[in-house]
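Trainee: First the structure, then my questions, so here it is.
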Amino acid sequence: SIISKNDFKSTLLQLECHFTWILLKEDVDLDNIEDKTGYQIEYQCIKSNVASYNMLSYVCYLKHLHEDALQNLQKAEEEIEKNHPNETDRRSLVTWGNYAWIYYHMNRYKEVQAYLSKVEDTCKKLSSTARYKIQLPEIYAEKGWALLKFGRTYYGRAKECFENALKKEPNNPEFTAGHAIATYRLESMSLGSGESESSSLETLRRAVELNPDDTSVVALLALKLQDLNLVEEGERYIEAAMEKTPDLPYFLRYAAKFYRKKGQLDKSLELLKKGLAVTPTCSFLHHQIGLCYRAKLFQLKKPTKYAPREEMEALIRHSIFHFQRATQQKSTFFPAYNDLAMMYAEGNQYREAEETFQKVFQMTNLHSADKQELYYYYGRFQHFHRKSESEALKYYMEGLKIETDSAGRIKCKIALKKLLEQKIREGSGDAATFSTLGLIHQLNNEKQQAIECYEKALKLDPENEEHRSALCKLRRSS
């Protein structure tokens, strides 16, 4: 039966494909995704390039390049023919869904109808109860990979997708790798916030066991072991993987991170530059190189060392250059902006530092963990470079108010506590100082100290109802 344009829309929304997975272009740098996906195809990072071509097609659509979008879907179909000749239908459902949507946006309704019929027939054949939808593990997985590409707000959903895929095929190496990567990334965001920090360890071990040749996952396992102070075991994995894929950019970036965290900065830089020679527009590599130069700078600045001025200035320049490149290649690379701003401040370029921070404050799509990091670094900038304790307190407090458990929130809490205790030692602590410190003790479950702080606050400001009610609540609960 022929459908009208309005009916098409409701049918299209039932499909499982990139157009219905709520992947918002505001959350990503499209050129960056395009580059990254191109490299993945070139270096065969993922067993099947079908998902990569589907993703490229969606990116082309977001850039209003409909013909290019169709060409990528054609390539996805060729990959399916080549790699899955016996199950072309079930493997093509996402691609056909994307075709239907792109033709719909091109007002070519005959083609829309043709692809909808293909999806419907395949769903019927695979005995799906829904007309245009079927729960297949490979579709869950493709959705998971797509979500991972769209940044940290999507990681939780990505993890769920891989979990659903694994319910159907618990020993699938690709699904296990996806699940491990999503879990690892989620954990890195909340690192140090008391969440169970080793839940990705088991998944990563399992992924490596199922596919020891996937060296980028091997490198993530090594980084996780390093986080848990199992450095020697981690290094054994890095060295074994280095023999398998000495030139794979995806492996090199994580191996370099491992050596940087271990303090072997020259070795890290050598690997990063090797990776950069292959993938010159990789924002991750530029950021890591900037971090290496920064670490070298901080080593030179140690009080025990004599630091030649020229050498320090050169390190600041190199660091700024690579942090700049990282933000140019990926406009949503929030940590790189913070690092760039702080490095400008190191070089006494306060105007540039302020402008860089303001750029991030203007961004509307920050994850709450990113906001906490931003408040922390801006607070540090105000405190140590602008010498304004009151501004620093204000921004650390803003970071603490956001109730997401993350590394950034912990940093804000520690910095705030230090600053308040210093004010009290110097005799400049007022009621607000004591009540804020009381709140921090409360967050740390240190009830007795919290009560004492609120009592002091109330003594200094007996009329304050907020201090009084906080104190009453605490006394009741202790």
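The values are calculated or read from the model by the stated rules, or taken from the named source; none is laboratory data. Just so we're clear, the structure is a prediction, and the values are computed from it rather than from any experiment. Please note: Cβ atoms are built from the backbone with ideal geometry, for glycine as well, and neighbour counts cover all protein chains shown. Side chains are part of the model used for accessible areas, which takes the heavy atoms of the whole protein and leaves out ligands, DNA and RNA. Shrake-Rupley method; radii C 1.70, N 1.55, O 1.52, S 1.80 Å.
Trainee: Can you give me the ranges of the helices (runs of 4 or more DSSP H) entirely in the stretch 1-108 with at least 3 residues that are aliphatic (A, V, I, L, M) and closer than 22 Å to Phe150 by Cβ? Spell out how you get there, then give the answer.
Mentor: Numbers: elements: 5-12, 30-42, 50-62, 66-83, 88-91, 93-105.
So the answer is 30-42, 50-62, 66-83, 93-105.
Trainee: Tally time: how many residues in the stretch 130-145 are more than 22 Å from Gly156 (Cβ to Cβ) and surrounded by 22 or more Cβ atoms within 10 Å (Cβ to Cβ)?
Mentor: 0
Trainee: Being over 18 Å from Tyr344 (Cα atoms), surrounded by 14 or more Cβ atoms within 10 Å (Cβ to Cβ) and touching a Cys at 6+ places or on another chain (Cβ under 6 Å) is true for just one of Leu272, Leu276, Leu285, Leu265. Which residue is that? Give the derivation first.
Mentor: Details: Leu272 fails: touching a Cys at 6+ places or on another chain (Cβ under 6 Å); Leu276 fails: touching a Cys at 6+ places or on another chain (Cβ under 6 Å); Leu285 fails: touching a Cys at 6+ places or on another chain (Cβ under 6 Å).
Going through Leu272, Leu276, Leu285, Leu265 in turn, just one is over 18 Å from Tyr344 (Cα atoms), surrounded by 14 or more Cβ atoms within 10 Å (Cβ to Cβ) and touching a Cys at 6+ places or on another chain (Cβ under 6 Å): Leu265.
Trainee: Further question: Test Ile238 against the criterion of being in a helix (DSSP H, G or I), open to solvent by less than 50 Å² (accessible area, probe 1.4 Å) and farther than 18 Å from Arg325 by Cα, and give yes or no.
Mentor: Working: in a helix (DSSP H, G or I): yes; open to solvent by less than 50 Å² (accessible area, probe 1.4 Å): yes; farther than 18 Å from Arg325 by Cα: yes.
Here the answer is yes, as Ile238 does meet what is asked.
Trainee: Now a separate question. Name the residue that is least open to solvent (accessible area, probe 1.4 Å), counting only residues in the stretch 323-361 that are farther than 18 Å from Gln288 by Cβ and aromatic (Phe, Trp, Tyr).
Mentor: Step by step, filter the stretch 323-361, then rank; the result is Phe357.
Trainee: Could you list all residues from the stretch 86-105 that are within 20 Å of Leu23 (Cβ to Cβ) and open to solvent by 30 Å² or more (accessible area, probe 1.4 Å)?
Mentor: His105
Trainee: Could you go through the stretch 195-202 and let me know if any residue there is surrounded by 18 or more Cβ atoms within 10 Å (Cβ to Cβ), under 23 Å from the mean Cα position of the chain (by Cα), outside the structural domain of Trp21 (by the TED database) and closer than 20 Å to Leu23 by Cα. Working first, answer last.
Mentor: Going residue by residue through the stretch 195-202, those that are surrounded by 18 or more Cβ atoms within 10 Å (Cβ to Cβ) are 200-201.
Then keep just the ones that are under 23 Å from the mean Cα position of the chain (by Cα); that gives 200-201.
Still in the running and outside the structural domain of Trp21 (by the TED database): 200-201.
Retained after the next criterion (residues that are closer than 20 Å to Leu23 by Cα): none.
Taking every residue of the stretch 195-202 in turn, none turns out to be surrounded by 18 or more Cβ atoms within 10 Å (Cβ to Cβ), under 23 Å from the mean Cα position of the chain (by Cα), outside the structural domain of Trp21 (by the TED database) and closer than 20 Å to Leu23 by Cα.
Trainee: Taking the stretch 423-463 on its own, how many of its residues are open to solvent by 60 Å² or more (accessible area, probe 1.4 Å), of a type in the set (A, V, I, L, M) and under 35 Å from the mean Cα position of the chain (by Cα)?
Mentor: 1
Trainee: Within the stretch 35-50, can one find any residue that is surrounded by 22 or more Cβ atoms within 10 Å (Cβ to Cβ) and either aromatic (Phe, Trp, Tyr) or closer than 25 Å to Gln135 by Cα (or both)?
Mentor: Checked the stretch 35-50: at least one residue is surrounded by 22 or more Cβ atoms within 10 Å (Cβ to Cβ) and either aromatic (Phe, Trp, Tyr) or closer than 25 Å to Gln135 by Cα (or both).
Trainee: Let me confirm something: among Gln382, Gln362, which residue is more than 20 Å from Phe150 (Cα to Cα) and either in contact with a Pro (Cβ under 8 Å, 6 or more places away or on another chain) or polar (S, T, N, Q) (or both)? Spell out how you get there, then give the answer.
Mentor: Details: Gln362 fails: more than 20 Å from Phe150 (Cα to Cα).
Every option except Gln382 fails the conditions.
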